[in-house]
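Asks: First the structure, which I've put down as structure tokens, then a few questions once you've had a look.
Please treat every number below as a calculation from the coordinates, not as lab data. As the structure is a computational prediction, the values presented were derived from the model and not from experiment. A quick note on method: Cβ atoms are made from the backbone with ideal geometry, for glycine too, and the neighbour counts reach across all protein chains shown.
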């Protein structure tokens, strides 16, 4: 064995795990290497893993899991680490099973509209691999250029275009999963729909890596729509913009995307890298995209323009060129990061509301903003009611992080109170464990943890995520706040 | 047989006319000694709790169309009928969501929603009789699943009564939701073995502005040619909401065309629908014939379609024995399933009507004939499905025959998980015992 392949650790678990994955180049165990894995896209809570292993195939994943399970070592899976709710954070000093080496596109079968990928395969690469033949993979989270499909399955990721095409769960046809005891099971063989039995495919998708570790995924791929057009509309009053959203939907149009940004969000995106010249004094901008058969697009665009005009739109127009359309979308898709241009720090929230309640919800969020003294920008997948309040704060100012967390939680309470929910696409993770109580009773939470016990009886896999733990909750909240402040 | 004391207990929380002694026997089984018809969710919960804590078993029934679907017990102690638990709980047209009680008939719902230019994007069989609860519990879908998805795509929230009487909500009233496990999926298609779904929240779609049906028939029955055409359609820019192949017998029954026929639906704005009709006309193979039906004729075709398979309603007994199977394969394998099941007609002296979705991989085969012939042919359909790499489940068969023909096929390798879930949720096997795969 070459010197660089030797593991410099006396810990027998590290040595044994290194053996499973084939030596020192497939495991990290030194503190300086582990620091990069102490959190994911949710950076408020941090904890070091015991080690990070990089398996190359399902067999290695199964052996790692069997080893962890037999030795009572907590473990979890990690993709690109872009998750926004802390699902991949090793709260209990887990062994992190990184899926980044399992990144093959295994097969593509366009006639039957399916593709098989390994979990570490990057979302956008799938579309890029089949676009020359006129096909694509629909779920498009904003991080799609780097997030993995395995992570998308764990979180049931969404995106701007899920209004018409659905979220990840609507596109998953089959999974190979390693159970927490090391058994390998295949669900939805060959992507054949409606396998007899309970729908485990649907249950595992979105379970935030707490029921098993996915090692192979069969996804549905779609034919590119023939035509596409985007409309931009400026409204002086948020109520008018909101009403226009409802009117478009009521008119029987199913847009591919229907996005809204409020005044503060507009200020952010205009100050950042992709400004398009949105006026600063409007209350809402809408971005409406229609796709489908080219012959039918103009009819729908005309109708959208008419609806907006009836709702006192200040200005409304369809994109004049593909370049203009792309600029509008770049401005919107980089919206979260753009807040960095007007605030040192920001916290993203992910509530969902019945879209007809938008004006009321926005006014209550404004109230939260003025009470907390923090600005809140709103970026909204208006078509499906998924609201992203961005709480702007300065972590250097004492107490402000704590206030931001509190304001974020209050925004979710507002969403829950109007009949909505606390997360539409980012997941619960660590971040929203307590907020689960806004939407579920103790009995309903217990019904879910009962199901977890069937799959993950010793709770060694990704423990401490998704569900509030009755005794510890107050303590964890305090700890989170302490960390946020430090 | 349910004990007299139990009935007296039930009479303390149900009115006289909600409890009916059931002496009759049904051809399809899945019945009960007494029929109880709750009118509220509290009553459903009270009934389940009583049964669960007194060792009684319950069969659940909606409209009764699926009485012949699974189940090896002729009569449980109680038949819970949801026929009196009906009505819309909430409809917010602006949000395009609907919450409805499980016993509501599908057609009633669609008729109501049509006044708002909206609909549920499912197309199940027997819409006048089937209840929304039964459709969801059995995961029913039709040819338009290609365009609109299935129950798992349309349901956004459920209220489910657990066997111990707890009410468990899953999902919610919004169309995008990842809070906690996606428990809706667990109850959809669970055949009522985990709980009684009491309320269902669905996302709705607008009624399309224009609809048309294009029937393309292939008189020579050249399967390779049909496949080549289907592949070309799937690879083109057009977006049919159904691409369903009918066998000659079914095509004859529904449209008077005795040949393999592809039923393609287009639903969109008018300019798009006309363009797609034109597009298909231009790509038509030489040996195929095309018939474009406007909405009225298309409606009539679909009306017949959704009523062509047998159902479990009590009525006039059919002269022949009837069976209906659902087959799942990789999409285009539906072609070979249809082709091979045709041969069973001569082999077993049965009549076969079949259709398969070339864009979604689900086929349905209806067999009619003498009892033993139907049983043998049904068993053969499973072999055909498995040879094609798929599965077959028997959706409709008289009770006596279900003891001879395995309804669900082999247990999957992960059966321990299915059983584990059942044991957690319904440890006493109170609900729909032995109705589902592997005796769950």
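Asks: Which value at 222 nm does chain B reach when only helices count, each DSSP H run of 4 or more adding -39,500 (n - 2.57), with the total divided by all residues and rounded to the nearest 500 deg cm²/dmol?
Replies: -9000 deg cm²/dmol
Asks: Next up: Suppose a student asked you for the relative contact order of chain A, using Cα pairs under 8 Å spaced at least 6 residues apart; what percent would you report? Display every interim value, and only then the final one.
Replies: On the way: 1033 pairs, mean separation 69.4, N = 486.
14 percent.
Asks: Something else about it: Would you mind pulling out the separation of the Cα centroids of region A:151-213 and region B:339-381, in Å?
Replies: Here the two parts' Cα centres lie 32 Å apart.
Asks: Arrange the following residues from fewest to most other Cβ atoms within 10 Å of their Cβ: A:26, A:207.
Replies: A:26, A:207
Asks: Roughly what % of DSSP beta bridges within the protein assembly as shown run antiparallel, to the nearest 5?
Replies: Around 85 percent antiparallel, to the nearest 5.
Asks: Does region A:225-339 come out rounded, prolate or oblate by the C-alpha gyration tensor, with a ≥ b ≥ c the root eigenvalues, rounded set by a/c under 1.5 and, if not, prolate when a/b is larger than b/c and oblate if not?
Replies: In terms of gyration-tensor shape, oblate.
Asks: Could you please rank A:308, A:415, B:210, placing first whichever residue has the fewest other Cβ atoms within 10 Å of its Cβ?
Replies: B:210, A:308, A:415
Asks: Separate question: Cα centroids of region B:254-312 and region B:1-61: how far apart, whole angstrom?
Replies: Each part reduced to its Cα centre gives a spacing of 45 Å.
Asks: Further, regarding this structure: Shape of region A:3-98 from its Cα gyration tensor (a ≥ b ≥ c, root eigenvalues): rounded if a/c is under 1.5, otherwise prolate when a/b > b/c, or oblate?
Replies: Cα axes put region A:3-98 in the prolate bin.
Asks: Now for a different question. For region A:131-203, what does the relative contact order come out to in percent, with C-alpha contacts under 8 Å and a separation of six or more?
Replies: Averaging sequence separation for qualifying contacts and normalising by length gives 23 percent for region A:131-203.
Asks: What is the helix-to-structure angle for A:442-455, meaning the angle in degrees between its Cα long axis and the longest Cα principal axis of chain A, kept from 0 to 90 and rounded to the nearest 10?
Replies: It is inclined by approximately 50 degrees.
Asks: OK, next. Pull up the DSSP beta bridges for region B:210-305 and report the antiparallel fraction as a percent, rounded to 5.
Replies: Roughly 100 percent of the beta bridges in region B:210-305 run antiparallel, per DSSP.
Asks: If you don't mind, another one. Based on other C-beta atoms within 10 Å, arrange B:236, A:143 from fewest to most.
Replies: B:236, A:143
Asks: Another question about this same structure. Shielding of B:62-69 by partners, i.e. mean partner chain Cβ atoms within 10 Å per residue? Working shown, then result.
Replies: On the way: counts 0, 0, 0, 0, 0, 0, 0, 0.
So the per-residue partner count for this stretch is 0.
Asks: What's the angle, to the nearest 10 degrees (0 to 90), between helix A:322-333's Cα axis and the longest principal axis of chain A?
Replies: 60 degrees
Asks: When a/c reaches 1.5 or more, the comparison of a/b and b/c decides; with that in mind, is region B:175-323 rounded, prolate or oblate per its Cα gyration tensor?
Replies: Since a/c reaches 1.5 but b/c is at least a/b, the shape of region B:175-323 is classed as oblate.
Asks: Distance between Cα centroids, region A:334-411 to region B:87-154: provide it in whole Å.
Replies: Rounded to whole Å, the Cα centres lie 36 Å apart.
Asks: Given contacts defined as C-alpha pairs under 8 Å and at least six residues apart, what's the relative contact order of chain B, whole-number percent?
Replies: With pairs under 8 Å counted, the relative contact order is 17 percent.
Asks: Another question, if that's okay. Using a 10 Å cut-off on Cβ to Cβ distances, tally the other chain neighbours for every residue of A:179-188 and report the average as a whole number.
Replies: Shielding by partners across A:179-188 averages 2.
Asks: Have a look at the DSSP beta bridges in region A:3-98 and tell me what percent are antiparallel, nearest 5.
Replies: Percent antiparallel among DSSP bridges in region A:3-98 is about 20.
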